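Heads up, the thing below is written out as structure tokens.
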Amino acid sequence: MIGRRTFLFVGALGFGALAAPVRVQAQRAVRQARIAFLGGEGPSTSQQFLAALREGLSARGYVEGRDVVVEASWGEGRGERFPDLVAEILRQKPDVIVVLSTPAALAAKKATATVPIVFVAADPSGSGLVSSLSRPGGNLTGVSLSLGVEFTGKWLELLKEAVPRASTVAVLWNPGNPSNVGYLKALEAAAPQLRMKLKAEGIRDPADLDRVFGAIGDDQVQGLVVLTDPLTVRYLGPIVERAAKRRLPTMYGFREFVDAGGLMSYGVSVPEMCRRAAGYVDKILKGAKPGDLPVEQPTAFELIINLKTAKALGLTLPQSLLQRADHVLQ
């Protein structure tokens with residue numbers, strides 16, 4: 001009888017020893033992955049981009065609160081905040097950082113060479129985020145919001161078509177954003193072919209807006225191009241309002257400006273690109289190395305026109321332009 005009890009006891013210990021690794025493996029399998037989202041702007045203008053990322057994760061089978069935890073930080077359009085925000089994110093030990101905007105992505109790249117970074121950014125090659133789109137290397141990959149600086153000439157072409165009399169066009173840009181620097185150079189190269197003269201007006205702070213729009217009004221410009229930047233997106237409402245007050249036909253890079261009352265935009269759908277970024281998060285969580293995943297470039301661009309704004313500006317847009325628009329807001 002004693003031998004039998006001893007056998008059962010030892011057997012139980014043996015079974016427990018074998019079962020323990022199974023329980024540990026099960027715990028690891030259901031461990032929540034921590035995903036940090038860093039938006040260049042604020043939640044009031046960019047919450048939909050975070051929602052699109054979450055939609056993309058859900059479409060791939062991830063349940064938030066069970067499989068993943070998504071924690072958001074916001075730059076509020078202030079580039080100087082990015083280093084501190086990234087440092088705080090890294091202290092939380094995320095599995096993946098998803099970054100929206102080129103300046104924020106550059107700050108994340110500078111801060112860590114080990115934590116995987118998935119960016120949604122403009123001109124990732126020209127801005128120095130990656131050395132190669134096909135094989136980015138290091139700990140970064142993601143989706144591009146443009147096809148490079150050559151893409152920007154289309155903004156001037158469409159604006160000229162909408163406003164044939166436009167000969168002097170102002171450009172609102174952030175000198176601290178590397179992608180803006182490249183875009184401005186491309187616009188300056190394209191302008192002479194369209195018989196346009198550009199007046200670049202740099203902004204680094206929301207307080208610059210009144211000064212810039214005052215200068216634009218004094219110089220008798222006939223149009224405006226607003227380059228996409230965390231600062232301009234964060235303050236898209238005040239920018240659209242000032243453009244309307246100055247009666248300036250304005251071209252934007254994102255639809256969100258047109259939804260707020262801007263005249264027209266030409267670019268990719270940012271929410272769609274954020275949904276696609278979720279695919280990179282999925283691959284990385286399953287073991288892929290970011291540097292081995294090619295950067296995805298956009299394949300479709302949207303022309304959005306606000307017809308109500310055109311009428312308020314006294315513009316009669318040509319039918320050829322309206323027919324090419326993907327969406328005409330009435």
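What follows draws every value from the coordinates through simple rules; no lab data is involved. Quick caveat, the model's predicted, so the values are computed rather than measured. Note that we place each Cβ from the backbone using ideal geometry, even for glycine, and neighbour counts take in every protein chain shown.
Couple of notes before you dig in:
- Largest-first principal axis extents of the Cα set of the range 238-330 (Å): 56, 30, 18
- Hydrodynamic radius by Kirkwood, which averages 1/r over all alpha carbon pairs of the range 182-225, in angstrom: 11.6
- When Rg and the Kirkwood radius Rh are both evaluated on Cα atoms of the range 106-164, their ratio Rg/Rh stands at 1.16.
- Most mobile of PHE119, PHE257, PHE151 in a GNM of the chain (Cα contacts under 10 Å): PHE151
- Projecting label points 7 angstrom from Cα along Cα→Cβ for ARG165 and GLN48 puts them 3.3 nm apart.
- The H on the amide N of VAL225, modeled in the peptide plane, is under 5 Å from the matching H of ALA170, VAL171, LEU172, MET251, each at least 5 residues off or on a different chain.
- Backbone geometry of the range 105-121 corresponds, through the Karplus equation with coefficients 6.51, -1.76 and 1.60 at θ = phi - 60°, to 3J(HN,Hα) couplings of 5, 5, 5, 5, 4, 5, 7, 8, 10, 10, 6, x, 10, 10, 10, 10, 8 Hz, x marking Gly and Pro.
- Cross-linked pairs LYS154/LYS197; LYS185/LYS308; LYS160/LYS199; LYS245/LYS311: Cα-Cα separations exceed 21 Å for LYS185/LYS308.
- Mean projection of the Cα convex hull over all viewing directions, computed for the range 40-95: 4.2 nm².
- Segments 72-85, 189-202, 120-133 sorted - mean Cβ within 10 Å per residue, highest first: 120-133, 72-85, 189-202
- In this structure the amide hydrogen of VAL68, modeled in the peptide plane, comes within under 5 Å of the amide hydrogens of ALA33, VAL63, none closer than 5 places in sequence on its chain.
- Degrees separating the helix 270-285 axis from the principal Cα axis of the chain, which is the longest one: 20
- Using just its DSSP H runs of length 4 or more, each adding -39500 (n - 2.57), the chain gives a mean residue ellipticity at 222 nm of -13500 deg cm²/dmol after division by all residues.
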